[in-house]
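J.: Here you go, one structure.
The values are calculated or read from the model by the stated rules, or taken from the named source; none is laboratory data. This one's a predicted model, so the numbers in the text were calculated from it and none came from an experiment. FYI the Cβ positions are ideal-geometry reconstructions off the backbone, even for glycines, and counts take in every protein chain you see.
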Amino acid sequence: MKTTSGQKIKIGLFTFIGLLVLVLAVFFIGNQKNYFSSTFNIYGKFKNVNGLQVGNNVRFAGINVGVVQAINIETDSSVRVDVTLNNSVKKFIKKDAKLSIGSDGLMGDKLIVIAPGGVTSTEQIQAGNQLASVNPVDVDKIIAKLTKVIDNAESLTGGLSEIVGKVNHGQGSIGRLLNSDKLSKDLEGTVKQAQTTMKNVHSTTTTLNTDLKAAQSNFLLKGFFRKKKKKAQQDSIKKAQGAPDAPKQ
């Protein structure tokens, strides 16, 4: 069966479109991975890369400016991360810039974040330089601490619930006091009795003061109180003059 001219045109057009899509895909991926732009490499060292992978983005000022080129374990406490950056951002990154590991959204891929620096150094970064790194927060430790706090809160809540339950059922001194009408009435009677006693004491004191004033005004006792007052005045004068007290008779 011979191929017609129309079929040849369709096959050629389909092939052309396929090649065009392939070229565009290669260009797009290469552009994302900085394969077709002028780049330079720098690196940093972390204790824990926290799930970072080769090919993840590198961001500077919220813009993707490079990719993670390589991740290699150097020691049991050091992981080297090499990144490839566009040459266009070299002039903005200083030698005191810092690398940190962040996330693309709450549950997104990990990425490298570059803080620009310029605080202690204004010298521009060069290819092959090492930047200081900020180690990521250990999420497992935070979750462990939160779990412990939640467990303690649950235990405390359970204890409080048990205490409240006992009080509501009249158990313990507070429970009996709150739930027993007899104890409440006895306590109320005791308070009233104490108040009555205080009133009686106050009344008795007032009566004694009144009787004492009346006794001072009585003509039979007036001389006694006058002598006593005069003796107290003489003693006060002698004490002020430094004279010895007169012998008591």
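J.: Quick one: is G51 loosely packed, with under 14 Cβ neighbours inside 10 Å and on the phi > 0 side of the Ramachandran plot?
T.: yes
J.: Anything in the range 123-155 that is in a helix (DSSP H, G or I), at pLDDT below 80 and among the hydrophobic types (A, V, I, L, M, F, W, C)? List them, or say none.
T.: Result: V139, I142, I143, A144.
J.: Looking at L178, is it surrounded by 12 or more Cβ atoms within 10 Å (Cβ to Cβ), at pLDDT below 70 and more than 23 Å from the chain's Cα centre (by Cα)?
T.: yes
J.: Given the conditions (1) in contact with a strand residue (DSSP E or B) (Cβ under 7 Å, 6 or more places away or on another chain); (2) acidic (D, E); (3) exposed (fewer than 11 other Cβ atoms within 10 Å of the Cβ), and given that E162 satisfies all but one, which numbered condition is not satisfied?
T.: (1) is the only condition that E162 fails.
J.: Looking only at the range 96-138, which residues are among the charged types (D, E, K, R) and more than 33 Å from the chain's Cα centre (by Cα)?
T.: The one that is among the charged types (D, E, K, R) and more than 33 Å from the chain's Cα centre (by Cα): E123.
J.: Then there is this: With S184, S217 as the choices, which residue is surrounded by 12 or more Cβ atoms within 10 Å (Cβ to Cβ), modelled with pLDDT under 80 and more than 30 Å from I114 (Cβ to Cβ)?
T.: Only one candidate qualifies: S184.
This table checks each residue for (1) part of a loop (DSSP other than H, G, I, E, B); (2) touching a residue at least 24 places away in the same chain (Cβ under 8 Å); (3) hydroxyl-bearing (S, T, Y); (4) more than 18 Å from G44 (Cα to Cα).
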residue: V65; (1), (2), (3), (4): no, yes, no, no
residue: N72; (1), (2), (3), (4): no, no, no, no
residue: L99; (1), (2), (3), (4): no, yes, no, no
residue: G102; (1), (2), (3), (4): no, yes, no, no
residue: I112; (1), (2), (3), (4): no, yes, no, no
residue: G117; (1), (2), (3), (4): yes, yes, no, no
